[in-house]
């Protein structure tokens, strides 16, 4: 009970006029004071019928009690938190897809980028109903699709991405993460980020010395394992550096999942995403439980007394 407080304390200001009204009603219905103005006190005490008058429940008593209960109910007394009923529906996923020439490598078929797009489509099938956004990045980051539950259009957009459409060469992971943070903040919902890339260079790692982001980042290695064979007519590309990915994932409170030929990688990614989302919802999706509703039945029961014949509140 140390956390007891009111969610809407401004309603407590209504106690001021309620206290004044209580004083006026009690004064108005004080029999001794009322008749004392016209009958001598030494005669009045012999004229009053004492039996039952002090304990008798009158309309103004019910009105006063119900009034105070209503004010406290409106103020929203609370002492514990509860999960928001909409937190699960609101939890979002932001997918960041690296779109650089290195993602055209064919150490996985048909290419790193195409396979990643296929994995995105398969992942969305497992996460039906989840609001998802797509960000593509190279030297700059761009929002391909804002938060949406339309899996088909997001999968289509992901499959159409190509390094040739990116306006700036290079690789800027920080720009992509900043954009993901903006998407979640504007949506005002908790969520997590899935980063799909084939590597993180030293400059990007240096920019991520500290993680100011409120979400966890799960890293998906969009490349074949070290030593994976590629077609001979394709220029060689840098092999996957798992250590760099693991270091970055630790900084961003996430983990690394390596690409597989089956759904094992997606099951692992989905599990990590669920864990991250639950943590995000626990931090940002909880609310104080409004206990004012508990008082409503009592207020309604008191109001039923007004249906008694002859009950009225006289304040003239």
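When a footprinting reagent is the concern and you count Cβ atoms within 10 Å, what order do 18, 103 take, fewest first?
Least crowded to most crowded, the residues run 18, 103.
With 10 angstrom as the radius, rank 78, 148, 248 by how many other C-beta atoms surround their C-beta, starting from the fewest.
148, 78, 248
Rounded to the nearest 0.05, what FRET efficiency is calculated for residue 164 and residue 242 with R0 set to 30 Å and r the Cβ-Cβ distance?
0.60
If we count other beta carbons within 10 Å of each Cβ, what is the order of 261, 217, 108, fewest first?
Ranking 261, 217, 108 by Cβ neighbours within 10 Å, fewest first, gives 261, 108, 217.
Report relative contact order for the stretch 87-287 in percent, whole number only (criteria: Cα-Cα under 8 Å, sequence separation at least 6).
So the answer I get is 25 percent.
Within the stretch 126-154, name every residue whose backbone N is under 18 Å away from a label modeled 7 Å from Cα of residue 178 along the Cβ vector.
Of the residues in the stretch 126-154, 135-144 have backbone N under 18 Å from the label point off residue 178.
Quick one: length gained pulling residue 5 to residue 150 fully straight, 0.36 nm per residue minus the C-alpha distance?
Additional length available on full extension: 48.0 nm.
Assuming R0 = 30 Å, what is the FRET efficiency of residue 262 and residue 80, from their Cβ-Cβ distance, to the nearest 0.05? Working shown, then result.
Numbers: r = 45 Å, r/R0 = 1.48.
The calculated FRET efficiency here is 0.10.
Please report the spacing between the Cα centers of the stretch 101-137 and the stretch 8-26 in Å, no decimals.
Centre-to-centre (Cα) distance: 62 Å.
Could you work out how much longer the chain between residue 126 and residue 253 gets when fully extended? Use 0.36 nm per residue separation minus the Cα distance between them, nm to one decimal.
Working: separation 127, 0.36 × 127 = 45.72 nm, distance 2.32 nm.
The residue 126-residue 253 span can extend by a further 43.4 nm.
Between residue 305 and residue 188, what FRET efficiency follows from the Cβ-Cβ distance if R0 is 41 Å, with the result rounded to 0.05?
Numbers: r = 44 Å, r/R0 = 1.08.
Rounded to the nearest 0.05, the efficiency is 0.40.
Taking a temperature of 37 °C and a viscosity of 0.692 mPa s, what whole-number D in µm²/s does Stokes-Einstein yield for the stretch 87-287 with Rh from Kirkwood over alpha carbon pairs?
On the way: Rh = 16.8 Å.
For these conditions, the coefficient is 196 µm²/s.
With each label point set 7 Å from Cα along the Cα-Cβ vector, what nm distance links residue 13 and residue 209?
Here the modelled spin labels are 4.9 nm apart.
No value in this document is a laboratory result; all are computed from the given coordinates. All values derive from a computational prediction rather than experimental measurement. Cβ coordinates were reconstructed from backbone atoms using ideal geometry, including for glycine residues, and neighbour counts include every protein chain displayed.
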